[in-house]
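Right, one structure below, let's go through it.
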Amino acid sequence: MIVDEKKRIYHVYIASVAEDRCAHCVKLTAGNSSLISKQPVNRLAQGHSQKIAAYLCSLNRFPMKYFPLLLGLFFLSFACTDRSSDEPGTATIANLLPDPFAQDTHSYRPIFYHQRLPENLVGATPTPLGSFGPILQPNLADPITQMLTGSTYWVFEFYHDGAAAIAQRKQGKGIWFQFKTDGTYNGGHWDHWTHSGVWHIQPDGTHNYLVIDSNVDRHDATWDVQGLSADQTEMGWARTNKTGFQKEGRNVQGKLIRLFTAPTKEQFGIVE
């Protein structure tokens, strides 16, 4: 509220929520019941601001002594508004599915040891477990990109985590990634889809780094892609801390094989 004591004109400005500029200006004179003028409105403030703008326009007089109360009510109502529908990925931790490896008593927790996202969040961002950034369109002429993409699953046949127990390393078998040509990917473990995100190849001299940004931050990683087989059915990955991008710095290597369907434990000779 700005008061011009000489002209006794009250200027009421209500900032637009959608646009960072004045969306509405009403001029009222004290002691005069008539509305002097109203500036043309390009776009009314949204939500609570729009309602208050309409209310002020309906008043013939707006006493200054009520302005602090009105301002306080405005901010209180905005703070108490449920905006969860605008952020579908911000469900609480309580809505997550249990960690399937919760019974493991080792103090060390491999990357894939975590609570699972429910079906309605596994493809969303943000989530209670993380978020991914903008999509970068892959270079489809790049040989590594061509090898990664398509109707294929790249599956860890061997998984080695230098800090993990032998039993934990064995659990890493069956982790898979499905890379899409639009720069997104799905990731999972055996028959479960567990996370999603974006990816791109970052060439660096003789290295080709695969950068993965997941909606489960534990899976954020920069992998050095190496050991490509001539028939393009096998490759090696080595997780590197080169870029400082990933939040979970781990010494992980593995051999991946290409499959055309999601992996099953039976395929890998695992009997439970």
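Observations, loosely collected:
- Selection status of Thr194, closer than 18 Å to Tyr159 by Cα and within 16 Å of the chain's Cα centre (by Cα): yes
Condition check ((1) of a type in the set (Phe, Trp, Tyr); (2) in contact with a Gly (Cβ under 7 Å, 6 or more places away or on another chain)) across all residues:
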{"position": "His189", "(1), (2)": "no, yes"}
{"position": "Thr194", "(1), (2)": "no, yes"}
{"position": "Val198", "(1), (2)": "no, yes"}
{"position": "Asp217", "(1), (2)": "no, yes"}
{"position": "Asp220", "(1), (2)": "no, no"}
{"position": "Ser229", "(1), (2)": "no, no"}
{"position": "Thr233", "(1), (2)": "no, no"}
{"position": "Trp237", "(1), (2)": "yes, yes"}
{"position": "Asn251", "(1), (2)": "no, yes"}
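- Residue that is open to solvent by 10 Å² or more (accessible area, probe 1.4 Å), over 25 Å from Pro110 (Cα atoms) and not aliphatic (A, V, I, L, M), where the choices are Asp217, Asp213, Asp191, Asp231: Asp231
- Test: residue in the stretch 176-188 that is open to solvent by 30 Å² or more (accessible area, probe 1.4 Å), closer than 28 Å to Pro128 by Cβ and modelled with pLDDT under 95: no
- Restricting attention to the stretch 249-272, the residues that are loosely packed, with under 15 Cβ neighbours inside 10 Å, at pLDDT below 90 and touching a strand residue (DSSP E or B) at 6+ places or on another chain (Cβ under 8 Å) add up to 1.
- Count - residues of the stretch 92-149 that are open to solvent by less than 70 Å² (accessible area, probe 1.4 Å), of a type in the set (Val, Ile, Thr) and either part of a helix (DSSP H, G or I) or closer than 24 Å to Asp161 by Cβ (or both): 5
- Cβ separations smaller than 6 Å between residues 6+ apart or across chains give the following pairs from the stretch 144-167 residues that are over 11 Å from Pro110 (Cβ atoms) to residues that are in a strand (DSSP E or B) and aromatic (Phe, Trp, Tyr): Leu148/Phe179; Thr149/Phe179; Tyr153/Trp176; Trp154/Phe177; Val155/Trp176.
- Residues (of a type in the set (Ser, Thr, Tyr) and within 22 Å of the chain's Cα centre (by Cα)) located in the stretch 210-240: Ser214, Thr222
- Test: residue in the stretch 221-243 that is modelled with pLDDT of 90 or more, of a type outside the set (Ser, Thr, Tyr) and closer than 16 Å to Phe132 by Cα: yes
The values are calculated or read from the model by the stated rules, or taken from the named source; none is laboratory data. Values in this document were obtained by computation on a predicted structure and should not be read as measured data. As a convention, Cβ positions derive from the backbone with ideal geometry for all residues, glycine included, and neighbour counts pool all protein chains shown. For the accessible areas, the whole protein counts, side chains as well, though only heavy atoms, and no ligand, DNA or RNA atoms are used. Shrake-Rupley method; radii C 1.70, N 1.55, O 1.52, S 1.80 Å.
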